[in-house]
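Colleague: Before anything else, here's the structure in question.
Every read-out reported here was derived from the displayed coordinates using simple, explicitly stated rules and does not represent laboratory data. A quick note: this is a predicted structure, and the numbers were derived from the prediction, not measured. Don't worry about glycine lacking a Cβ; one is built from the backbone with ideal geometry, like all the others, and counts go over all protein chains shown.
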Amino acid sequence: IATGKTAALLFKNFNNVKKIFIFEKKFFKIHWLELWSRTFFNKWDIVIDLRGSVISYFLFKKKKYVYKPINKNIHRLDELALLMKKKYLPLPSIPVLKKDIKKISKDFLKLKNSIAIGASANWPAKIWPSKNFVKLIKMILKEKKFGKKKSIVFFGSSKDLKNTEKIIKHFKKRRVKNFCGKLNLIEVAVYLKKCKIFIGNDSGLMHIASASGIPTLGLFGPSLESRYAPKGNNA
């Protein structure tokens, strides 16, 4: 697997992943040259390039699949299935190990009926207004469906702290927990598996929630939900 540093952790628990090449974007696209130099001396059975780069053309391989737009009117996962000449691809999932579960904080385990919230995204237009999240959370806390005692848990990166605090300040501290910037992605997946439901903006966090197997409700703005909606049995 060749991926960025942040996402690399999501692949570490897959049994058939033997090596992870971590690379980060650099000026003049030097990162592609560096990746090529690290993979050139291998003989690959199959090379799958989801970025549509030229690197696969300069590797020793028996077969290659290079992404190019096929049908932008269908879901991205279905489009990748067409690329692989398959009827469908398996739904995304993130395996977690017992050692990962043991690392869950005692503070989190004390929470009951946790509702996960993802209040940010990497593009302002994708972010649902804070006041709307406040209204939604107030409704959830009154709703009996998820149990009398409910906890609202926020997930995200350290960049999401400011936006999340705008929402949290409207509630008593005992009702909300903010884990933004405190967990890596595999830890986020572990925590999400313990939540009743995830509600959040169109983001990577939304897809992690869906891949974790919990009920997932994605909030979409300008992006096409028909193409980028979370894929999962409970999404």
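Colleague: Between Ile1 and Asp107, what FRET efficiency follows from the Cβ-Cβ distance if R0 is 41 Å, with the result rounded to 0.05?
Modeller: In this case the efficiency is close to 0.80.
Colleague: Another one. For Gly218, what charge total do you get from the other residues with a beta carbon under 14 Å from its beta carbon, if Lys and Arg give +1 and Asp and Glu give -1?
Modeller: Charge balance in the 14 Å sphere: +2.
Colleague: How far, in nm, would the chain grow between Asn16 and Phe171 when pulled straight, counting 0.36 nm per residue and subtracting the alpha carbon separation?
Modeller: In short, 51.3 nm is gained.
Colleague: Taking just the alpha carbons, could you work out the radius of gyration and Dmax for the chain, both in angstroms?
Modeller: 19.7, 60
Colleague: Can you tell me which of Lys194, Lys135, Lys177 moves the most in a GNM of the chain? Springs connect C-alpha atoms under 10 Å apart.
Modeller: Most flexible of the set in this elastic network: Lys135.
Colleague: To the nearest Å, what is the center-to-center distance of the stretch 91-113 and the stretch 1-79, using C-alpha atoms only?
Modeller: Going from one Cα centre to the other spans 29 Å.
Colleague: Here is a follow-up. Would you mind working out the magnitude of the charge dipole of the chain relative to its Cα centre, with +1 at each Lys and Arg C-beta and -1 at each Asp and Glu C-beta, to the nearest 20 Debye?
Modeller: Approximately 980 debye in magnitude.
Colleague: Moving to a separate point now. Between Lys193 and Lys25, how high is the FRET efficiency from 1/(1 + (r/R0)^6) when r is the Cβ-Cβ distance and R₀ = 35 Å? Nearest 0.05.
Modeller: Efficiency, rounded to the nearest 0.05: 0.70.
Colleague: Let me ask another. What Kirkwood radius, in Å to one decimal, follows from the Cα pairs of the stretch 98-228?
Modeller: 14.8 Å is the Kirkwood radius here.
Colleague: Please report the spacing between the Cα centers of the stretch 187-206 and the stretch 122-182 in Å, no decimals.
Modeller: 12
Colleague: Past 22 Å, Cα to Cα: identify those pairs from Lys5/Lys131; Lys106/Lys182; Lys5/Lys126; Lys98/Lys193, in the order given.
Modeller: Over 22 Å Cα-Cα: Lys5/Lys131; Lys5/Lys126.
Colleague: Separate question: Report the calculated FRET efficiency for Phe220 and Lys61 (r = Cβ-Cβ distance, R0 = 30 Å), to the nearest 0.05.
Modeller: After rounding, the FRET efficiency stands at 0.20.
Colleague: Beyond 17 Å, what percent of the Cα pairs of the stretch 2-68 remain?
Modeller: 46
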